[in-house]
Amino acid sequence: MVIFIKKMMKTLKIIGLAFTVLSLSCSSNDDGPPSGNGGGVEQPPQASYRITFEPKFTAEFHPNDFPANASFSAPVIIAHDANRHMFSLGSLATPGMELYAEEGDFSTLVSEHNQVEGDAELPNIITGTSSIGPEEAKEFIVAVTPGTTYISFVAKLSPSPDWFVGVDGFDLIDPDNGLKDRAEVTLFALDAGTDAGDTYNAADSPESLTIKQKLGLPFSSDPNETGKNLGKLIFERIDSN
């Protein structure tokens, strides 16, 4: 009887050990979502967007002092994270933004954003190759990743002291944490605050003000209004992985 009881106890210990190992295996998260993804919230996938700049800068819509050689400088588009800004309303322009807004030279602006701090993801920077006519639609293909779902865009208005159109960090994420299929943003003139003047061909007059919407002349006879828009930016998702 004693030998029988000892054999039974040994058998029960083996069964208990096997059950413990099985339990640990089932509780492993190897087949589940990564532990650092915010509790299993689905992340937006990598995708490609067609971004179309459709300017509407004509004497018909902007008759005040309309310049004969109107155009937009080659634009800059950046896909980036939530912490990056090419410009911000109410803030001073960076040296790169100042150079671009005044002269259309984007070299310094690109250099400012062609670097990252910490573990941030390097932004995807797209630049135009030539100036754009006042009604010339231009398309750009931009790839976004889960870490670069914000789009910033700038296009200098030429000629002008330091005026441009732009979008600061447009979020491509929809309310369901997926990527938007399509969106549009209406564009109005912005003032970089680095060169004074209310005419397109105003003489250089350096100033140090914050970036703001351009109100009054030459876009509106009312000093408190923006006047008509200068076009729009269209976002269209065209591919995903």
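What follows draws every value from the coordinates through simple rules; no lab data is involved. These figures come from a predicted structure and were not determined experimentally. Quick reminder, even Gly has a Cβ in these numbers, built from the backbone with ideal geometry, and neighbours come from all protein chains shown.
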Item checked: Residue list for segment 129-170, restricted to those being part of a loop (DSSP other than H, G, I, E, B), touching a strand residue (DSSP E or B) at 6+ places or on another chain (Cβ under 7 Å) and surrounded by fewer than 20 Cβ atoms within 10 Å (Cβ to Cβ) -> Ser131, Gly133, Glu135, Glu136, Ala137
Check: Scanning for something more than 20 Å from Phe66 (Cβ to Cβ) and of a type in the set (S, T, N, Q), does segment 191-201 turn up at least one residue?
Finding: yes
Item checked: Single match in Phe87, Phe53, Phe61 (criterion: surrounded by 15 or more Cβ atoms within 10 Å (Cβ to Cβ) and over 25 Å from Thr108 (Cα atoms)) -> Phe61
Item checked: Which numbered condition Asn201 fails, given (1) without any contact (Cβ under 8 Å) to a residue 60 or more places away in the chain; (2) closer than 14 Å to Glu102 by Cα -> (1)
Margin query: Need the failing condition index for Gly216 against (1) surrounded by 16 or more Cβ atoms within 10 Å (Cβ to Cβ); (2) closer than 23 Å to Met97 by Cβ, just the number.
Written below: (1)
Next item on the list: Could you tell me which numbered condition Asp105 fails, if it satisfies all but one of (1) part of a loop (DSSP other than H, G, I, E, B); (2) touching a residue at least 12 places away in the same chain (Cβ under 8 Å)?
Entry: (2)
Next item on the list: Scan segment 218-241 residue by residue and report those that are part of a loop (DSSP other than H, G, I, E, B) and under 24 Å from Pro75 (Cα atoms).
Entry: Pro218, Phe219, Thr226, Gly227, Lys228, Asn229, Leu230
Next item on the list: Report yes if Asp191 is closer than 21 Å to Ser91 by Cα and within 20 Å of the chain's Cα centre (by Cα), otherwise no.
Entry: yes
Check: In segment 90-102, what count of residues is obtained for those that are hydroxyl-bearing (Ser, Thr, Tyr), surrounded by fewer than 19 Cβ atoms within 10 Å (Cβ to Cβ) and in a helix (DSSP H, G or I)?
Finding: 0
